[in-house]
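Quick notes on the structure that follows.
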Amino acid sequence: MTNTLRTHGLGISFGAFRAVNDVNLTLEPGARQALIGPNGAGKTTLINLLTGVFMPTRGTIHMGDRELTSLSAHKRARMGLARTFQINTLFPSLTPLLSVVLAISEREGLGAVWWRPLTRNKALFDEAHTLLGRLKLDALADVPVAELAYGKQRLLEIALAMAARPRILLLDEPAAGVPEDESGELFEAIAELPQDISILFIEHDMKLVFRFSKRISVLVAGQILTEGTPAEIGVDPRVREVYLGHAGASHV
Amino acid sequence: MSEMLVFDQVIAGYGNAVVLDRLGFSLKQGQSLAVLGRNGVGKTTLLETLMGNTRVMRGAIRWCGEDITRWPAHWRVRAGLGWVPQEREVFPSLTVAENLTVVARPGRWNLQRVYEFFPRLKERRGNFGNQLSGGEQQMLAIGRALMTNPKLLLLDEPMEGLAPIIVEELAVSIRRLCEREGLPSIVVEQHPVLALEMTHQAIVLERGTVVHAGSSHALANDAALLDKLLGVGIAVSA
Amino acid sequence: MQVILFDGVAYGMLLFLIGVGLSITMGLMNFVNLAHGSFAMVGGYAASWLMNHFGIGFLPSLAAAFVSAALVGGVLEFFFYRRLYRAHALDQVLLSIGIVFVSVAVFTYFFGPTIQPFQLPAWLEGRISLLGLEVGRYRLFLIGCGVAVLACLLLVLGKTRYGAMVRAAVDNQRVAGGTGIHVQRLFFLTFSLGCGLAGLGGALSLGMLGLEPSFPLKYLVYFLIVVCTGGAGTIAGPFIAALLIGVIDVAGKYYLPEAGAFLIYVAMIALLLVRPNGIIPRKGLA
Amino acid sequence: MKPVPITPARLRAAEIAFWLALGATYFLLPDKLTLMSQIMIFGLFAVSLDMALGYAGIITVGHAAFFGTGAYVAGLLGKHGWTEPFSGLLLALIVCAALGYVLSYLIVRGADLTRLMITLGVCVLLAELSNRLASITGGSDGLQGVAIAPVLGLFDFDLFGRTAFAYTYGVVLVLFLAVRLALRSPFGLTLRGIHDSRKRMLAIGSPVDARLRLAYALSAGVAGVAGALLAQTTQFVGIESIGFNRSAEVMIILVLGGTGRLYGGLIGAIVYMLVHDWFADLNPEFWMFWLGTFLIGAVMLGRGGVMGALSRLVKVGKPS
Amino acid sequence: ADEPLRIGLIATYSGPYADYGRQFDAGVALYLQEHGGKIAGRTVEVIKKDTGGPAPDLAKRMAQELVVRDKVGILTGVDFSPNAYAVSAIATQAKVPTLVMNAASSGITTSSPYIARLSFTVQQVTEPMARWMLKQNINDAYTVVADYAAGVDAETAFKKAFTAGGGKVSGSVRTPMSNPDFSAYVQRIKDAKPQSVFFFFPSGVMPPAFLKVWKERGMDEAGIKLFATGDATDDSYLEATGDVALGLITSHHYSYAHPSPKNQKFVKDFAAKFGPTLRPSYFAVTAYDAMQAIDLALAKTQGDVSGDKVMTALKGLSFESPRGPVEIDPVTRDIVQTVYIRKAERAKGQIVNVEFDKFERVKDPAKEAN
Ligand SMILES: Nc1ncnc2c1ncn2[C@@H]1O[C@H](COP(=O)(O)OP(=O)(O)OP(=O)(O)O)[C@@H](O)[C@H]1O
Ligand SMILES: Nc1ncnc2c1ncn2[C@@H]1O[C@H](COP(=O)(O)OP(=O)(O)OP(=O)(O)O)[C@@H](O)[C@H]1O
Ligand SMILES: [Mg+2]
Ligand SMILES: [Mg+2]
């Protein structure tokens, strides 16, 4: 069974406005693919379509040979489609540890188990600690999320997505607000994820995009303008004009 | 009287937690300032304190010679502080146009000029605040601050989430605002190179206090110092 | 048939008039103000007291009802409400219930537990012929008032910056303050306006409902129905909801009297199932 | 004012002390036993509301729908010859949980205000229905002729309310422990997550609506037991058991005690009902003034109810 | 006997029905004042408990506490039927004589042998109205009642008596208890054009609201006659109800304007004690009578308050009340009294129920039948 994520003619309209229009996108297993494009191009909306936050007005989404198009968000998540949010969407009153434990317990299908204390399940906590350690959040494991600095919250976003042991990971500007050196580390951590996980990430930081992606899709005004390797995209004059400005050249 | 803004040994935080610890610096009239530092050192808290959203336990903040430490936020805006919060925080139940007009104060900046500055906002003017893309929200937050016709812009990571081409343009524009229109800014940034390019002065924070203060130009050209303060060796080489 | 429709509309207007203040304090300002009826009661007692003891006319008494309720609202806002704008909705519930209890006891103490005497002025009594239809004058008057209040509010809240400022401040007080909005004054005025409208509604209800100290508890459910089915935070929403509910209730009781007590709630639930965010959902929260 | 740190072990000790103290009122307040029983019943009712409101975040002002249904189930059983008390409770639990589950389909889908109004509407409709079905329920005169056999075949419900107290105490304790367990289980954590961010819960694969339905049904079942307890110990069911006023009252109790804090419901019931009883004895006409002042004072002094205030005074440290 | 006589008074002192408790208190206080604060030679201590309206669990708890903790000898008050039913269990269990001052559901006295009633039953005041209407050659009626137990009792009793006497009930409607606008119902009646309408609403806000619409709709001009039980013209509410009440014919056991000397003294003393604005309503009279009944019963038992003795003494007791002669049925322990037909009129600037016809020694018809 392959885990290729494929969309066909995918689109959504808000009123008369076509935020995403006729997108054919393929995400191969093990992909490290970047999705770039001007502000308001529809990148986040596309991820929302893929994860089931929005239902498309047109087109289809397949994962392997299963059609996801009208599946609800949590079912897609169960199938291994995890994401982070561009604007932090965390559990402010929980601690990072409990947040991750929660994500793991839902992954394990324990969410409806009400007759057994949580603490009885040591494995959950061990796994959570390991994961937090990997993202250098272990020191903050018991601080309420609401009190974490923004950058740490960004990391927790990723931790929550990873806790789901995803097969496909969709990252919406994971490094925004994270200092440069750490964002590099962060991306390295992501790149080191098992090769069978496919990753699609949105990022406006071209250093990161060019360093970590193997393939780049460029979305403009809701449509895929072009796709290609970093080298190809970096020199594409159309991409430069609408998106990169002078930034592209310096990274190629 | 050439000091525009002075932080005098400010101790401030949230509830009982101290975040800014005897933080002090001053900024001259017409100069813009970069605030650098790693995650969680208190950059945002500095701006929040300037806007009166934290609890100041000791010290004073002087703006154009007046002690504004205890002023309510809306007085500070009237006195010329224009704030762009870190998480953008546009008003979700107002349209783009309303988000802008609702805070409007008389001056050079009006709806039309903001739309010229960010054409994208004009296209999306009927959308509600929560129906915007991340970058559009960022533009709106900046536009909203401009609409208050401030004397000093407070930008908390303004470039976050913006497309490279817009970042480039915005950096140029912010510098130009300072030079041509006399509207300086305090810029909090994760990308020191960018921030230092845009500003005259720079301070570096660590655990809520200033560990370095100097000219932006000097700091930008001192790779070793930057690396020591911020650990961004890779970035500087670019 | 037309009479039933007319009665329904008039009843709906009454619901709108006593509920609209709540769509400002609760809908617009997001303060779960269960004490709305207490302010309506202040207005009602003010009007009936002025009329009974000083022989003041009905119309001036209505104005007085608005002013007195707005004043009481302003005072309570200053001492209590303003401290809880950012608090959890349930703390607001507790405060406002406390205020209801106190108001019930205070009015019982000063005015006794029975209903207030009230005599409509002669020009509002009886019926009048309108397009061949015999309709109650008072009901017609209520409709007039309802439309007038609706028009004023739409103008003030919709077309001016004031309304947008309130919404902004409710969305995010911290940032509203940080962009120059004087949130405290704005809320004070808006809250007083909501209370004033409640008072006006309370006074206008005198002609149909009996006014007694337990008024705030007795009609609480009706206020909530109007505001919530209409769509909190809008003015036109509650207006339409009130009309719909008024007509459904009156028509239902006329044609299907056995179902009398169920109708209004069934209608409400049905409306909410069809439109979970109210008839006119508050914008930007979709 | 710095919070005083306490260890989880101390917290456990405090919990045990709480229940011992509650049990000790049997000896300390022998002529207040009926009040104490009713306090525990309303405490349990408030705890059930807390599951829905505090933990699952379902704003409901119609919880008396289940309290009343439970009361009628137990009452009708007793009236028609099934007088064994425990099985009456069990049946009330099952019926109410089922009713809660069915109704949850109406309730879980909406936004806060919608939920508020739908729960309110359903509650009023059920109250009206029991008024209409007077031939079964006794309508507004109440259900008379409820007979309950001695508990365990040994202890008759006496005039002094001793049996009622002990019976109530036992049942409330058992149910409370069950609720406590549920809230400390993975399911409890899920509820906290949903409360914080529904969007994120969906993204980590949690079927949020199904979880909320489960919470609502469990909460309805517990509320039903509380109602059944009241019916059995008073051997009467008034139509007021099912009305909006009762829903509102239990909400006040819970909010006063503190939502989302497990003990909030019990503490709220103790404080509210004792204060109410005290003021009403002192001044039967104007106790509402004092009670209202008390409530206003309580919010002004501390948010989040009694438990909210307590939680600011102490901080549970990690076991060292 | 220097031990004071403790009497537990369970009533509504707060909320929408707070007038009931206020009137009870006034009646009790007046009687005690007239008798030097003593009954059967013992000083009386009245312990008040507020139920805040119909609240059976509360009422039962209060009864229990009164008996167990406060050691009262007698329970009284009890304004709502569910409260009475709930209290009856305590009365039986503790064998405490309980004198119901208002609760009007017929079955209450049957629910415990320790309950006697000094007020009235719904049926008792409804049936005479039906009979009287028939006497006036009104044989077509439409009934309107509030949809709760007492309303249904009134409807049933009226229908039974009216049809038994050859009348025809051409329509009936039950309105919800919480019903701000009566226009739909009144319009329905108007379109049905019955000869007459009989209505029953609990005293309080419902009757004035109904009467307002009745007037506005011009029902009198349409020739439809209106009748009700005296709950509609409760003296406590009558003045506030205003002109819309004028002309309404009602049946009840007490009017403030009852012309007997006993009542005139009662009213005068009442005004002297509580001021001119508070009128004694039928609640105050029952409370006054309940005290009188206790007094007479204890005189028979020589101050013994044990349940069985007091109940025996109460049975068959008859005395003169401000409402007229009353007696306690030895079999049912329910009151037997005169039911008057009255008309709301303006007299000396006040609106009062003027009695102009009566039915003597009316028993509770609901129990007669069995
Ligand atoms: N609910 C909505 N209703 C109407 N328009 C919407 C809605 N949500 C998003 N949009 C519009 O759709 C467009 C695409 O938004 P999206 O968030 O996908 O952009 P993006 O590519 O992620 O941009 P950015 O890089 O700035 O985050 C934007 O112009 C936005 O204004
Ligand atoms: N509301 C709050 N309550 C308590 N502590 C807080 C709160 N907000 C922030 N903090 C703490 O204050 C410190 C400084 O946070 P601040 O947001 O100012 O950092 P920052 O420098 O802006 O970081 P970033 O680069 O991530 O935006 C952090 O340690 C954070 O945990
Ligand atoms: Mg985006
Ligand atoms: Mg920051």
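The values are calculated or read from the model by the stated rules, or taken from the named source; none is laboratory data. Just so it is clear, the model here is predicted, and its values are computed rather than measured. Here the Cβ positions follow ideal geometry from the backbone for every residue, glycine too, while neighbour counts run over all protein chains shown.
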- Selected residue [within 14 Å of chain B (Cβ to nearest Cβ), at pLDDT below 90 and either closer than 21 Å to D:Asp196 by Cβ or within 16 Å of ligand 4 (Cβ to nearest atom) (or both)] from A:Asn88, A:Asn48: A:Asn88
- Which one of these does E:Gly53 not meet: (1) within 14 Å of chain C (Cβ to nearest Cβ); (2) more than 23 Å from E:Gly107 (Cβ to Cβ); (3) surrounded by fewer than 24 Cβ atoms within 10 Å (Cβ to Cβ)? (2)
- Please work out which one of (1) within 9 Å of chain C (Cβ to nearest Cβ); (2) under 16 Å from the mean Cα position of the chain (by Cα) is the condition D:Glu285 fails and give its number. (2)
- Task: Looking only at segment A:155-163, decide whether some residue is within 14 Å of chain B (Cβ to nearest Cβ) and of a type in the set (D, E, K, R).
- Result: yes
- Message: With the requirement that a residue be within 16 Å of ligand 1 (Cβ to nearest atom), touching a strand residue (DSSP E or B) at 6+ places or on another chain (Cβ under 6 Å) and more than 11 Å from chain A (Cβ to nearest Cβ), what does segment B:126-157 give you?
- Response: B:Ala141, B:Ile142
- Item | B:Gly80 vs. criteria under 15 Å from the mean Cα position of the chain (by Cα), in contact (Cβ under 8 Å) with a residue 40 or more places away in the chain and surrounded by fewer than 22 Cβ atoms within 10 Å (Cβ to Cβ) | yes
- Note on the structure: Going through segment B:119-162 in order, the residues found to be on the phi > 0 side of the Ramachandran plot and within 14 Å of ligand 3 (Cβ to nearest atom) are B:Gly161
- Task: Taking only segment A:5-44 into account, find how many residues are assigned to a loop (DSSP other than H, G, I, E, B) and either within 16 Å of ligand 4 (Cβ to nearest atom) or in contact with a Gly (Cβ under 6 Å, 6 or more places away or on another chain) (or both).
- Result: 2
- Message: From the list A:Gly177, A:Gly222, A:Gly184, exactly one residue is within 8 Å of chain B (Cβ to nearest Cβ) and either within 16 Å of ligand 3 (Cβ to nearest atom) or on the phi > 0 side of the Ramachandran plot (or both). Which is it?
- Response: A:Gly177
- Message: So D:Thr168 passes all but one of these: (1) over 15 Å from D:Leu33 (Cβ atoms); (2) in contact (Cβ under 8 Å) with a residue 60 or more places away in the chain. Which condition number does it fail?
- Response: (1)
- Task: Among the residues of segment E:57-80, write down those that are assigned to a strand (DSSP E or B) and of a type outside the set (A, V, I, L, M, F, W, C).
- Result: E:Thr76, E:Gly77
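Residue-wise test of (1) within 14 Å of chain A (Cβ to nearest Cβ); (2) modelled with pLDDT of 90 or more; (3) closer than 27 Å to E:Ile108 by Cα; (4) surrounded by fewer than 21 Cβ atoms within 10 Å (Cβ to Cβ).
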{"site": "D:Ile136", "(1), (2), (3), (4)": "no, yes, yes, yes"}
{"site": "D:Pro150", "(1), (2), (3), (4)": "no, no, yes, yes"}
{"site": "D:Asp156", "(1), (2), (3), (4)": "no, no, yes, yes"}
{"site": "D:Leu159", "(1), (2), (3), (4)": "no, no, yes, yes"}
{"site": "D:Val172", "(1), (2), (3), (4)": "no, yes, no, no"}
{"site": "D:Pro186", "(1), (2), (3), (4)": "yes, yes, no, no"}
{"site": "D:Ala228", "(1), (2), (3), (4)": "no, yes, yes, no"}
- Report the residue count in segment C:124-140 for those that are under 21 Å from C:Trp49 (Cβ atoms) and of a type in the set (A, V, I, L, M, F, W, C). 1
- Message: Condition first: assigned to a helix (DSSP H, G or I), among the small types (Gly, Ala, Ser), modelled with pLDDT under 95 and in contact with a helix residue (DSSP H, G or I) (Cβ under 6 Å, 6 or more places away or on another chain). Can you find one or more residues in segment D:76-96 that meet it?
- Response: yes
- Could you pull out the residue among A:Met79, A:Met55 that is touching a strand residue (DSSP E or B) at 6+ places or on another chain (Cβ under 7 Å) and either of a type in the set (A, V, I, L, M, F, W, C) or within 16 Å of ligand 4 (Cβ to nearest atom) (or both)? A:Met79
- Hits in segment C:81-116 - residues which are surrounded by fewer than 18 Cβ atoms within 10 Å (Cβ to Cβ) and either among the aromatic types (Phe, Trp, Tyr) or in contact with a Ser or Thr (Cβ under 7 Å, 6 or more places away or on another chain) (or both): C:Tyr109, C:Phe110, C:Phe111
- Query: If you go through segment D:237-258 one residue at a time, do you hit one that is touching a residue at least 60 places away in the same chain (Cβ under 8 Å), under 21 Å from D:Phe18 (Cα atoms) and surrounded by fewer than 24 Cβ atoms within 10 Å (Cβ to Cβ)?
  - Reply: no
- Checking B:Lys151 against (1) surrounded by 23 or more Cβ atoms within 10 Å (Cβ to Cβ); (2) more than 16 Å from ligand 4 (Cβ to nearest atom), the condition it does not meet: (1)
- Message: Return the residues of segment A:86-96 that are surrounded by 24 or more Cβ atoms within 10 Å (Cβ to Cβ) and either within 9 Å of the chain's Cα centre (by Cα) or part of a loop (DSSP other than H, G, I, E, B) (or both); say none if nothing qualifies.
- Response: A:Phe91
- Message: Quick check on B:Asn110: is it within 16 Å of ligand 3 (Cβ to nearest atom) and out of contact with any helix residue (DSSP H, G or I) (no Cβ under 7 Å at 6 or more places or on another chain)?
- Response: no
- Could you identify the single residue in B:Leu229, B:Leu205 that is under 25 Å from B:Val19 (Cα atoms), within 16 Å of ligand 2 (Cβ to nearest atom) and modelled with pLDDT of 90 or more? B:Leu205
- Name, by its number, the condition in (1) within 14 Å of chain D (Cβ to nearest Cβ); (2) closer than 28 Å to B:His74 by Cβ that does not hold for C:Val106. (2)
- Is at least one residue of segment B:160-172 within 16 Å of ligand 4 (Cβ to nearest atom) and buried (at least 24 other Cβ atoms within 10 Å of the Cβ)? yes
- Out of (1) in a helix (DSSP H, G or I); (2) surrounded by 20 or more Cβ atoms within 10 Å (Cβ to Cβ); (3) at the interface with another protein chain (Cβ under 9 Å from one of its Cβ atoms), the one C:Ile24 does not meet is (3)
- Note on the structure: If we ask which residues in segment E:330-370 are free of Cβ contacts under 8 Å to residues at least 24 places away in the same chain and small (Gly, Ala, Ser), their number turns out to be 2
- What number of residues within segment E:135-158 satisfy the criterion of being touching a Ser or Thr at 6+ places or on another chain (Cβ under 7 Å) and surrounded by fewer than 19 Cβ atoms within 10 Å (Cβ to Cβ)? 2
- Condition test on B:Glu48, is it in a helix (DSSP H, G or I), within 9 Å of another protein chain (Cβ to nearest Cβ), touching a helix residue (DSSP H, G or I) at 6+ places or on another chain (Cβ under 9 Å) and closer than 29 Å to C:Val166 by Cα? yes
